[in-house]
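Please read the structure below before turning to the comments.
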C-alpha cells in the first residue's frame, strides 16, 4: 500500500510533536470506551519525587541525577504500551484536516447486506498489522473482519458480497460509521 500524503506532508519535528501530544493525552485518559482496543497508561499521580536521602550540596540549583532518572521512568511508563506508537501514528495520519466535516444521513439509514458501502469522499482510512484507522480513530482488528476493513481502506468500497461475509460486530461498526457520515450506501 502506498500512502499518498497529498498536502499533509509532515516535518519530522511536527510529527514527533504530534505523537508526543497523543502520548500525553493517553496518559491523562482515565477510562477509554473499549479497554481491549486501547490501553491507557496509568501514571499514578500520588507518586512524588522524593529526595530525603539527598545530602546537602554546594550547588543547590543543580538538578540531581535522581530527578533525571525519575523523569526518565515516567516517560518510559508512558511509552510502555508496544501498540501505542502504531496507534498514535495511524490516528494522526488518518485524521481529516480541520476544515473537513461530515454530514450524517438525514433520517435513519439502515445498513443492508444487500447493498454495498463506500467511504465518504472526505473519509481517511488506513490500517497496519493490528489496527484499522478511520478519521483519527482506531480499532483493533484481526481475522476476516480485518481483511474486510483493509479492503475497504484500499478500495474505498465494499460490495454486497463482501458484507455477506462480515461478522455482526463488523456490521455494527459499519453502521456506526454510516450514522456518522463516514460511509455512504454504494
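The values are calculated or read from the model by the stated rules, or taken from the named source; none is laboratory data. What you see is a predicted model, and the numbers here were worked out from it, not measured in a lab. Cβ coordinates were reconstructed from backbone atoms using ideal geometry, including for glycine residues, and neighbour counts include every protein chain displayed.
Which residues, counting only those in the range 93-128, are closer than 11 Å to residue 152 by Cα and not in a loop (DSSP other than H, G, I, E, B)?
117, 118, 119, 125, 126, 127
Taking residue 135 as meeting all but one of (1) touching a residue at least 40 places away in the same chain (Cβ under 8 Å); (2) buried (at least 20 other Cβ atoms within 10 Å of the Cβ); (3) on the phi < 0 side of the Ramachandran plot, write down the number of the exception.
(3) is the only condition that residue 135 fails.
With 96, 105 as the choices, which residue is farther than 30 Å from residue 24 by Cα and modelled with pLDDT under 95?
When all the criteria are applied, what remains is 105.
Which residues, taken from the range 62-76, are surrounded by fewer than 10 Cβ atoms within 10 Å (Cβ to Cβ) and in a loop (DSSP other than H, G, I, E, B)?
62, 63
Give the residues of the range 154-170 that are in contact with a helix residue (DSSP H, G or I) (Cβ under 9 Å, 6 or more places away or on another chain), exposed (fewer than 15 other Cβ atoms within 10 Å of the Cβ) and in a helix (DSSP H, G or I), sorted by residue number.
Correct list: 169 only.
Kindly provide the set of residues from the range 100-116 that are under 18 Å from residue 134 (Cβ atoms) and exposed (fewer than 13 other Cβ atoms within 10 Å of the Cβ), ordered by number. Working first, answer last.
The first filter runs over the range 100-116 and keeps only residues under 18 Å from residue 134 (Cβ atoms), leaving 100-105, 109, 111, 116.
Across the range 100-116, the qualifying residues are 101, 103, 104.
Let's see how each residue does on (1) assigned by TED's automatic domain parsing to the domain that holds residue 153; (2) at pLDDT 85 or above; (3) under 30 Å from residue 131 (Cβ atoms); (4) surrounded by fewer than 12 Cβ atoms within 10 Å (Cβ to Cβ):
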site: 21; (1), (2), (3), (4): no, yes, yes, no
site: 32; (1), (2), (3), (4): no, no, yes, no
site: 43; (1), (2), (3), (4): no, no, yes, no
site: 55; (1), (2), (3), (4): no, no, no, yes
site: 78; (1), (2), (3), (4): no, no, yes, no
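Looking at the structure I just gave you, is residue 89 in a helix (DSSP H, G or I), touching a helix residue (DSSP H, G or I) at 6+ places or on another chain (Cβ under 7 Å) and closer than 24 Å to residue 19 by Cβ?
yes
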